[in-house]
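Single-structure report; data block below.
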Amino acid sequence: MRYAYYPGCSLERSAASYHTSAMKVADRLGLVFQEVDDWNCCGATEYFAINLLPAYALVARNLALVPGDLAQMAVPCSACYVNLKKTDKYMGKYPQLAQRVGQSLAAGQLGYRPGGVQVRHLLDIIVNDVGCDAITKGVVKPLTGLRVAPYYGCLIVRPENGFDNPEYPTSMDRLLRALGAKVVDYPLKAQCCGGHMTQISEKVAYELIRRLLHNAAEYDADVIACVCPMCQLNLDAYQGNVNRHFGTDYRIPILYFTQLMALALGLSAADAGLGSEIVSAQPALAKIAVEVPQEEDKKARKRADKRALPMPTMPDEEA
């Protein structure tokens, strides 16, 4: 099973643990991911709000760079996945857009035919191409006793993407059960984490994050498993701020589903990219006898301390 692979910007830096664990898991499952040569940023959400043509051309360039012998592209980041899939779909739906994007690509000696590459999220490929039954056979260290809340976020389940139920997705639930975990009920599993709202309105962002943490805590989740770098960043990096703002004491580690897969498939904590999260996963993972690399865990704690800054005054509080 060979796929083109588009990591996106986050997986080179803040979500490096996602990339590390995904590559190790892929190797164990027999998946071959060929990284797209000279890929560029997908533009996230901001570019589409500023100028549509350059935004679509920027994304289409990545599709044009996929080698001709690869018909499918694996995308781990939910924002990248939506942008790539949307661009391919809209180029096929709107001929004028396809023409103008084509002219932009031609300036760089590139071209793309809509429908030429099937864009798929990494979760979709693992669940539907490899299959939970095959994954269960590869489990050597089941996640028995670990209570996991599966968090999909609001992007990959949008109706036009189509590989899971947009209101109540279950693909990651099935995968986590195949790994031996106890999957807790998580009604807010497809709700928004706030995205970049932390940079626009902290009051709104913190409430969105609080709701997600509270819902997981209601069901005694040890860990929240996610599929998106933005979601992981918000729930992990801003958990301390949420606690200070609301007077709460949430300490729920936020891990990528591939990290839990890596552990269940017998890979080391280092191969799973553990220790880079800000909220330490050590107390939770002790339930399945996993030791997070101490040096990495210490660095994470220092990062958490640095983020423990005085809360800014909200505009309505000033009033």
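Points worth noting:
- All positions within the range 156-187 that are closer than 17 Å to Arg120 by Cα, in contact (Cβ under 8 Å) with a residue 60 or more places away in the chain and outside any helix (DSSP H, G or I): Ile156, Arg158, Glu160, Asn161
- Residues satisfying the stated conditions in the range 260-280, i.e. of a type in the set (A, V, I, L, M) and touching a helix residue (DSSP H, G or I) at 6+ places or on another chain (Cβ under 6 Å): Met261, Ala262, Leu265, Leu267, Ala272, Ile278, Val279
- Counted residues, the range 230-243 - those being in a helix (DSSP H, G or I) and more than 15 Å from the chain's Cα centre (by Cα): 5
- Of the residues making up the range 207-229, those that are crowded, with 24+ Cβ neighbours inside 10 Å, in a helix (DSSP H, G or I) and touching a residue at least 40 places away in the same chain (Cβ under 8 Å) are Leu212, Ala216, Pro229.
Conditions tested, residue by residue: (1) out of contact with any helix residue (DSSP H, G or I) (no Cβ under 7 Å at 6 or more places or on another chain); (2) assigned to a helix (DSSP H, G or I).
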{"position": "Leu53", "(1), (2)": "no, yes"}
{"position": "Arg61", "(1), (2)": "no, yes"}
{"position": "Gly68", "(1), (2)": "yes, no"}
{"position": "Ala74", "(1), (2)": "no, no"}
{"position": "Tyr90", "(1), (2)": "no, yes"}
{"position": "Gln96", "(1), (2)": "yes, yes"}
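- Any chance Gln259 is in the same structural domain as Met197 (by TED's automatic domain parsing) and in contact with a Ser or Thr (Cβ under 6 Å, 6 or more places away or on another chain): yes
- Residue pairs meeting the criteria (Cβ under 7 Å; at least 6 apart or on separate chains; first closer than 22 Å to Ser10 by Cα, in the range 234-248; second among the polar types (S, T, N, Q)): Asn234/Thr198; Tyr238/Thr198
- Single condition Gly145 does not satisfy, out of (1) at pLDDT below 95; (2) under 30 Å from Asp220 (Cβ atoms): (1)
- Residues of the range 57-84 that turn out to be of a type in the set (Ser, Thr, Tyr) and without any contact (Cβ under 8 Å) to a residue 12 or more places away in the chain, as a count: 0
- Given (1) closer than 24 Å to Cys77 by Cα; (2) surrounded by fewer than 19 Cβ atoms within 10 Å (Cβ to Cβ); (3) touching a residue at least 40 places away in the same chain (Cβ under 8 Å), number of the condition Ser201 does not satisfy: (3)
- Qualifying residue in the range 62-71 (condition: of a type in the set (Asp, Glu), surrounded by 18 or more Cβ atoms within 10 Å (Cβ to Cβ) and either more than 28 Å from Met197 (Cβ to Cβ) or modelled with pLDDT of 95 or more (or both)): no
- Selected residue [in contact (Cβ under 8 Å) with a residue 12 or more places away in the chain and either part of a helix (DSSP H, G or I) or in contact with a helix residue (DSSP H, G or I) (Cβ under 6 Å, 6 or more places away or on another chain) (or both)] from Gly102, Gly108, Gly153, Gly116: Gly153
The values are calculated or read from the model by the stated rules, or taken from the named source; none is laboratory data. Computed from a predicted structure; not experimentally measured. Glycine also receives a Cβ, built like all others from the backbone with ideal geometry; neighbour counts cover every protein chain displayed.
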